[in-house]
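> Starting off with a structure, shown below.
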Amino acid sequence: MRSRLAAAGLADIADKLDAGVRLGLADGVRLFEAPDLLAVAWLANREREKRHGERTFFNYNIRLEATNVCVASCLFCSFARLKPGDTGAYTMSLEQAWEKLRARRHQPLTEIHIVNGLHPDLPFDYYVELLRGFKRIRPDIHLKAFTAVEIAFFADLFGKTDAEVLRELMDAGLDSLPGGGAEVFAERVRQKVCHDKCGADRWLAIHRTAHRLGLRSNVTMLYGHIETCEERVDHMLRARALQDETGGFQAFIPLAFHPDNNQMRKLPAPTASDSLRVHAVARLMLDNIAHVKAFWIATGVEVAQAALWFGVDDLDGTVQEERIYHMAGARTPESMTPDQICRLIRAAGRSPIERDTLYNVVSVPA
Ligand code: V47
């Protein structure tokens, strides 16, 4: 392997990794530019196996998007509708949202992942009651809810600080924050693709506050649109810097851009090699974040499975009823059963572990 790494121009990066020296911006860019993808994969897989061996995590979860009404106008989004009453706009009543959980009373779910549009008219109580109701129905369910963008929106709309919003939602049952809304932290990209929602510094500040309040969270990166390799690596380094401060991120999740039905529809979707490489480079740059997750809904099932040899140790979960990606043209199934996920993991030569949101082991499937 040594000679292959040398031929790929990656010998010095391999040496740094051997010596436990951190990779910098220029290293990350070279990892993106090196033609030999399998040399990059070999390095990423070595880091993955150092941390997790063959183990590959997934959870039994559902996704809930209670409203797609959203005042922001992100160019990549196919899900949002500007106003209530616009074609395709919907807002669930609390009863309708709770029924999604009641209807799955026979499934041993451990998590609900909630992401919403930025609705201009719903009162703060709606979100508080949404969480309280879920906990009434299933007190043991973990509520991974509201991106930092939603938290910022609530704070501004309801005249509270970010910390007050988080504390009040925690009192109602909030258990952790998902990693959405991070997109690409670089100002150039945000100005173009999501200029009217919370900026990178605020996004990071909200996760810092959440971590200080004892919540765990994730961090995503939307790739495969207008961002450069430098901007991808810069994004990873900003996440790494916050993780040095707080240790509160559990997983880094690259999200493949889907171009259907949005304002960036002229762009092609990222290719399989691009997706595999982004996950591999994330594993190599993010030496302080335990897990790299392939969100199979976004990457496609086949690429997510292959990514288990490109630095990935987590496949998210059963998901069920996903809308954001399917409205943007995803052709993946909307849900997978635990058996289907385990089959994919085993067929890739890895060992499945069912985890809860905080990575406690729920079961080791036989
Ligand atoms: O922030 C929206 C992305 C995100 C498109 O924390 C799109 O465990 C691609 O954050 N093409 C929300 N991506 C989803 C998310 C997430 C997913 C899985 C797991 C976790 C976690 C978080 O979806 C948004 C945005 O970056 N998105 N539209 C699109 N057309």
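The values are calculated or read from the model by the stated rules, or taken from the named source; none is laboratory data. The shown structure was predicted, so the numbers you read here are calculated from the model rather than taken from an experiment. Quick reminder, even Gly has a Cβ in these numbers, built from the backbone with ideal geometry, and neighbours come from all protein chains shown. Calculation scope for accessible area: heavy atoms of the full protein, side chains included, ligands and nucleic acids excluded. Shrake-Rupley method; radii C 1.70, N 1.55, O 1.52, S 1.80 Å.
> For the modelled label position 7 Å from the Cα of A272 along Cα-to-Cβ, which residues of the range 290-304 have backbone nitrogen atoms closer than 13 Å?
The answer is 300-304, whose backbone nitrogens lie closer than 13 Å to the label point.
> Something else now. At 1.4 Å probe size, with the rest of the protein present, what percent of the exposed accessible area of the range 27-171 is carbon and sulfur atoms?
Carbon and sulfur atoms account for 54 percent of the accessible area of the range 27-171.
> Next question, about the same structure. Report, ordered by chain and residue number, the lysines lying within cross-link reach of K135, taken as a straight Cα distance under 22 Å and ignoring same-chain residues fewer than 8 apart.
Within reach: K100, K144.
> On to the next question. Using a Gaussian network for the chain with springs between C-alpha atoms less than 10 Å apart, which of these wobbles most: V115, V184, V128?
Result for the chain, Cα springs under 10 Å: V128 fluctuates most.
> Lysines near K266 by alpha-carbon distance under 21 Å, same-chain residues fewer than 8 away left out - which ones?
Within the straight-line cut-off, K266 pairs with K192.
> Please compute the length gained on full extension between A366 and T228, using 0.36 nm multiplied by the number of residues separating them and subtracting their Cα-Cα distance.
Contour length minus the Cα-Cα distance gives 45.4 nm.
> Go ahead and run the numbers for FRET between F158 and Q107, Cβ-Cβ distance against an R0 of 25 Å, rounding to 0.05.
Approximately 0.15, to the nearest 0.05.
> Something else now. For the range 1-108, what relative contact order do you get, as a whole percent, if you take Cα pairs closer than 8 Å and at least 6 residues apart?
15 percent
> Sticking with this one: Starting from 0.36 nm per residue, how many nanometres of slack lie between R4 and K135 once their C-alpha separation is accounted for?
Here the answer is 41.8 nm.
> Taking H as built 1.01 Å from N, whose amide H comes closer than 5 Å to the amide H of I114, not counting residues under 5 places away?
The answer is L64, K144, A145, F146.
> Output needed: Cys residues of the chain lacking any neighbouring Cys C-beta below 4.7 Å, sorted by number.
Within the chain, the cysteines lacking a partner Cβ under 4.7 Å are C70, C198, C229, C342.
> First check a/c for the range 143-199, with a ≥ b ≥ c the square roots of the eigenvalues of its C-alpha gyration tensor; if it is under 1.5, answer rounded, and if not, answer prolate when a/b is larger than b/c or oblate otherwise.
Oblate.
> Name the lysines eligible as straight-distance cross-link partners of K16: C-alpha to C-alpha under 17 Å, and not fewer than 8 places from it in the same chain.
K50
> Ok, one more. Can you list residues whose amide H is under 5 Å from S78's amide H, if they're 5+ apart or on another chain and H is modeled 1.01 Å from N?
none
> Can you list the HN-Hα couplings for the range 134-143, worked out from phi with the Karplus curve (6.51, -1.76, 1.60; θ = phi - 60°), rounded to whole Hz and with x for Gly and Pro?
Result, rounded to whole Hz: 4, 5, 5, 5, 9, x, 8, 6, 8, 9.
> May I pose another question? Quick one: with all protein chains in place, what share of the accessible area of the range 193-323 is carbon or sulfur, to the nearest percent (1.4 Å probe)?
50 percent
> Determine the shape class of the chain: with a ≥ b ≥ c the square roots of the Cα gyration tensor eigenvalues, call it rounded for a/c under 1.5, and otherwise prolate if a/b is greater than b/c, oblate otherwise.
prolate
> Using a 10 angstrom cutoff on alpha carbons, build the Gaussian network for the chain and name the most mobile of N59, N218, N261.
Fluctuation is largest for N261.
> How far is helix 162-172 tilted off the main Cα axis of the chain, in degrees rounded to 10, range 0 to 90?
70 degrees
> Using a 10 angstrom cutoff on alpha carbons, build the Gaussian network for the chain and name the most mobile of A294, A44, A205.
Looking only at A294, A44, A205, the biggest GNM fluctuation is shown by A205.
> If amide hydrogens are placed 1.01 Å from N in the peptide plane, which non-local residues have theirs closer than 5 Å to the one on R265?
none
> Roughly how many nanometres apart are two label points built 7 Å out from the Cα toward the Cβ at S335 and N261?
Result: 2.0 nm between the two label points.
> With the other protein chains left in place, how much accessible area per residue, in square angstrom, belongs to the chain at a 1.4 angstrom probe?
The answer is 39 Å² per residue.
> May I ask you to evaluate 6.51 cos²θ - 1.76 cosθ + 1.60, the Karplus curve with θ = phi - 60°, for each residue of the range 85-92 and list the ³J(HN,Hα) values in order in whole Hz, giving x for glycine and proline?
x, 5, 4, x, 6, 8, 9, 6
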